[in-house]
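Student: My questions all concern the structure below.
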Amino acid sequence: MLVLVAPGQGAQTPGFLTPWLDLPGVEDRLRALSAAIDLDLVHYGTNADADEIRDTAIAQPLLVAAGIVSATALGDVSPVAVAGHSVGEITAAAFAGVLDDTAALTLVRRRGLAMAEAAAVTETGMSALLGGDPEVSVAHLEKLGLTPANINGAGQIVAAGTLEQLAALSEDKPEGVRKVVPLKVAGAFHTHHMAPAVETLVKAAAELTPADPTVRYVSNKDGATVASGAEVLKRLVGQVANPVRWDLCMETFKELGATAIIEVCPGGTLVGLAKRALPGVKTLALKTPDDLDAARELIAETATPAADAAATA
């Protein structure tokens, strides 16, 4: 039982797409997607520095494109479910056939620009809280005027708000929290600060024709499995200003009987959470093409029980 997941903003690093361009067809695919959204994905994925790819309008399309090309490189994959963290939900929508690759990149380009514009209104940001009791932490954040924008499970909550509010959090951590880590994002995503971006995305979504998912699509709004393409698209619009409940997604993976999780490029964050929250579930982060063989072996392992059952039926 394999689950395929896609990371959110902050996972990108300078040059992370460089090794993928050595694979047949990848550069051509990236250049075609670049032309469709008028953004040079090859340049930003290979030569741009950390500050350039921190820009929300660049980071988001770059992450979705990376997820699509790395998943394609895996070959034939039949996961029991797909999911994405924040902008990774658009990548997951492409995996599930809700949006084709060009539509996914077109939507995420509009999303990134709209969120960057909304973030420019007020100086805001996000910080991760490591450790502590979730209920205690959430109450403390609300007292400081912050939003628990990502409840990630495995002892991690991400707070979002103004820079002044985040500075106060650093000086006054919730009881039990070991560390507060500022994130490399340009605004308070998944909060009321992003309301103007929602309005823009409503219009962008109206131009798209989503298909129903061909595989279980787990929404990070509430961990629910969504069977309607129209509902997936509606949730993609609303989640910009609503908290991400990755903890509930992982509960759904467990209920579905997941035995393995592969996180597409630039993987690492979500499998780290899974290792702590889902003991016994095998995990693999698809960082470079060097990870493809191990990923394919893991895919083959998860496919074996189903094949055996079919053979004996």
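Student: Give me the number: length gained by fully extending LYS184 to LEU144, i.e. 0.36 nm times residue separation minus the C-alpha to C-alpha distance, one decimal in nm. Please list the in-between numbers first.
Tutor: Working: separation 40, 0.36 × 40 = 14.40 nm, distance 2.12 nm.
That pair, LYS184 and LEU144, stretches by 12.3 nm at full extension.
Student: For the pair LYS254 and HIS43, what calculated FRET efficiency results from E = 1/(1 + (r/R0)^6), where r is the Cβ-Cβ distance and R0 = 51 Å, to the nearest 0.05?
Tutor: Details: r = 40 Å, r/R0 = 0.79.
For HIS43 and LYS254, the calculated efficiency is 0.80.
Student: From the Cα gyration tensor of region 173-219, with a ≥ b ≥ c the square roots of its eigenvalues, which class applies: rounded if a/c is under 1.5, or else prolate if a/b is larger than b/c, or else oblate?
Tutor: On the way: a/c = 3.64, a/b = 1.75, b/c = 2.08.
It is oblate, given that a/c is not under 1.5 and a/b is not larger than b/c.
Student: Using alpha-carbon positions, what is the distance between the centroids of region 1-55 and region 141-210, in Å?
Tutor: 24
Student: Right, here's the next one. Note the per residue figure in Å³ for the convex hull of the C-alpha positions in region 1-55. Write down the numbers at each step before the final one.
Tutor: Working: hull volume 6.3 nm³, N = 55.
So the per-residue Cα hull volume is 114 Å³.
Student: What accessible area, in Å² to the nearest ten, does a 1.4 Å probe give for VAL202?
Tutor: Answer for VAL202: close to 80 Å² accessible.
Student: Now a separate question. Compute the accessible area per residue over region 31-86, keeping the other protein chains in place, probe 1.4 Å, unit Å². Working shown, then result.
Tutor: Values: 1910 Å² over 56 residues.
Dividing the accessible area of region 31-86 by its residue count gives 34 Å².
Student: Which value, in nm² and rounded to one decimal, describes the direction-averaged projected area of the C-alpha convex hull of region 179-284? List each step's numbers first, then the result.
Tutor: Numbers: hull surface 32.5 nm².
Mean projected area of the Cα convex hull: 8.1 nm².
Student: Using the heavy atoms of the protein chains alone and a 1.4 angstrom probe, what is the accessible area of region 117-169 per residue in square angstrom? Each step should come with its number before you reach the end.
Tutor: On the way: 2140 Å² over 53 residues.
Per-residue value: 40 Å².
Student: To the nearest 0.05, how large is the calculated FRET efficiency for ASP22 and ALA167 if R₀ is 51 Å and r is the Cβ-Cβ distance?
Tutor: Details: r = 44 Å, r/R0 = 0.85.
Efficiency computed from Cβ-Cβ geometry: 0.70.
Student: So, one more: Around VAL244, which amide H atoms from residues at least 5 apart in sequence, or from another chain, sit under 5 Å from its own amide H, with H modelled in the peptide plane?
Tutor: Correct list: ASN150, ILE151.
Student: Ok, one more. So who's got an amide H within less than 5 Å of the one on ALA260, skipping anything under 5 residues away but keeping other chains? H placed 1.01 Å off N, in plane.
Tutor: VAL3, LYS282
Student: Roughly speaking, what is the stretch gain from THR214 to LYS275, that is 0.36 nm per residue apart minus the C-alpha to C-alpha distance, in nm to one decimal?
Tutor: Numbers: separation 61, 0.36 × 61 = 21.96 nm, distance 2.72 nm.
That pair, THR214 and LYS275, stretches by 19.2 nm at full extension.
Student: Continuing with the same structure: Simple spin-label model, 7 Å along Cα-to-Cβ: ALA300 to GLU199 in nm?
Tutor: 5.5
Student: List the residues whose amide H sits under 5 Å from the amide H of VAL177, counting only those 5 or more places along or on another chain, with H placed 1.01 Å from N in the peptide plane.
Tutor: none
Student: Right, something else. Please report the carbon-and-sulfur percent of the accessible area for the chain; probe 1.4 Å, protein heavy atoms only, DNA, RNA and ligands left out.
Tutor: Numbers: 6880 of 13210 Å².
That share works out to 52 percent.
The values are calculated or read from the model by the stated rules, or taken from the named source; none is laboratory data. It should be emphasised that the depicted structure is a prediction, and the values quoted were computed from it without experimental measurement. So basically every Cβ, Gly included, is an ideal-geometry build from the backbone, and we count neighbours across all protein chains shown. Surface areas here come from the heavy atoms of the whole protein model, side chains and all, with no ligands, DNA or RNA. Shrake-Rupley method; radii C 1.70, N 1.55, O 1.52, S 1.80 Å.
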